[in-house]
Structure formats: C-alpha cells, structure tokens
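What follows is a short report on a single structure.
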Amino acid sequence: MRRLVLFISSLAAGGAERSLSQLANHWVEQGVEVELVTWASANEPDFFYLSPKVKRTILSQPGRATGLVDKVVRGFRIVWCMRQLIRKIAPDAVLSFMDITNIMVLVAAVGTGARVVVAERTDPSMSDTPSRPWRLARRLLYRWAHTVAVQTIPVADWVKNQCGTHRVAVIPNFIRPLPEPRGDRQKWVVSGGRHYPHKG
C-alpha cells in the first residue's frame, strides 16, 4: 500500500487547509495510507472534516514560545519530531503546504531519502510574509524539494528565478462539485477572498 505524509501548520479555517483535507480524504478512498500532521494550535479543533481513515497527528509543544531563543528551540523540536515521523513511516512521498511548514519539512527530511513535494499557496512576489529570515530560507531550500507545486504560471516563474529550481508544477485550485441550485436563476458572478495583494 502506498503511504503519504501530509504536513500543514493547522487545520484552521483557510483555503490551503481545505484543499489539503480534501486531498487527504480523496487519497484514502483510493486506498492510499495517509497521515496528516499539524504542528501548531494543538488546542484548536480542526475546522475541516477528515475521513476516519486518515491518521491524524499533532506535533504539539507544551506552553507558548515567548522570546526569540524559545521560538528557535521550539522550532528545532518540531523539526526533530517531523524528522522522526518521516523516518518511522518511510512514506512514498511527503507533501507540505504553506511556506514556513515547507521550510521546516525540507530541513527535517534531509538524509531520510524522502521525496518531498512542497506547495506554495500564495504569490511570494506580492507578499512580505513570512519574515525576512524565512523568505531567505525559502529561496535557499526550495531547490531541495523534489517538486515545488504552485497555483499559477507567474508564481512558477518566480520560484524558478528566485529559488534556483526548475522542478516546478503548476496545479490550479480544484473546484468542488456543488449541488445544483433550485428555483429561478440569474446571471451573477461571485468571487470571495481576502483583500490582500497576494490574493490578486
């Protein structure tokens, strides 16, 4: 049986979280063994439904990081836990969502032989988050990924130019099948999203 490990910071309400949870549910129905791992917000309930067939793991750390040193130590502990998990499961592939998680997973997977796919879910050229050290780490470490998955061609070009890798796949957001509305219909176009530049 194929095994996948999926990493994301949390399953709070958000587009990336929705997409990853739906991918996990789809893959387990295809007979894939899936473990979905989060590392933040241990006390926050998952917003999205996960099939009972998906193994759910939370890499929580006690207390709250207050100072810089505490945050660095906590980060290394999470990376170490990720590494131990990857080595224990020995998955066919690791999929990571979101910039900071991607960086942590790439570091955790060094020397494990794991095939790591990282998904960049925003347009880095339009965003000043994460902070500068994380942005520098992204530019240096994305070349370690087996593949960098992005949602648009401009972001693919950015990754190629700024991160020094051409192993980039453009995979737009998928659309869920929705029930057909009943009653009279009018011609409306509806768009939803946060009003941030990196959301277009």
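The values are calculated or read from the model by the stated rules, or taken from the named source; none is laboratory data. All values reported here derive from a predicted model rather than from experimental measurement. Neighbour counts are summed over all protein chains in view; Cβ atoms, including those assigned to glycine, are modelled from backbone coordinates with ideal geometry. All accessible areas refer to the heavy atoms of the entire protein, side chains included, with ligands and DNA or RNA removed. Shrake-Rupley method; radii C 1.70, N 1.55, O 1.52, S 1.80 Å.
For this structure, a couple of remarks:
- The calculated FRET efficiency for residue 167 paired with residue 53, based on their beta-carbon distance and R0 = 41 Å, is about 0.85.
- Rolling a 1.4 angstrom probe over the protein heavy atoms with all chains in place gives region 42-198 an accessible area of 69 Å² per residue.
- Per-atom-type breakdown for the chain gives carbon and sulfur 56% of the accessible area (1.4 Å probe, protein chains only).
- Rg/Rh ratio calculated on Cα atoms of region 23-139 (Kirkwood radius): 0.96
- Percent of C-alpha pairs per 5 Å bin, region 75-132, short to long: 4, 19, 28, 22, 13, 9, 5, 1
- Packing-based ranking, highest mean first, of 112-118, 169-175 given that Cβ atoms within 10 Å are counted: 112-118, 169-175
- Cleavage-rule hits, chymotrypsin sites (Phe, Trp or Tyr not before Pro), region 19-119, DSSP coil, Cβ neighbours within 10 Å at most 13: 47, 49
- Translational diffusion coefficient (Stokes-Einstein; Kirkwood radius from C-alpha pairs) of the chain at 10 °C, 1.306 mPa s, in µm²/s: 88 µm²/s
- Each label point was placed 7 Å from the Cα along the Cα-to-Cβ direction; for residue 175 and residue 146 their separation is 3.1 nm.
- Dipole orientation for region 90-139: of the candidates 127, 104, 137, 137 has the Cα lying most toward the positive pole (charges on Cβ; Lys, Arg +1; Asp, Glu -1).
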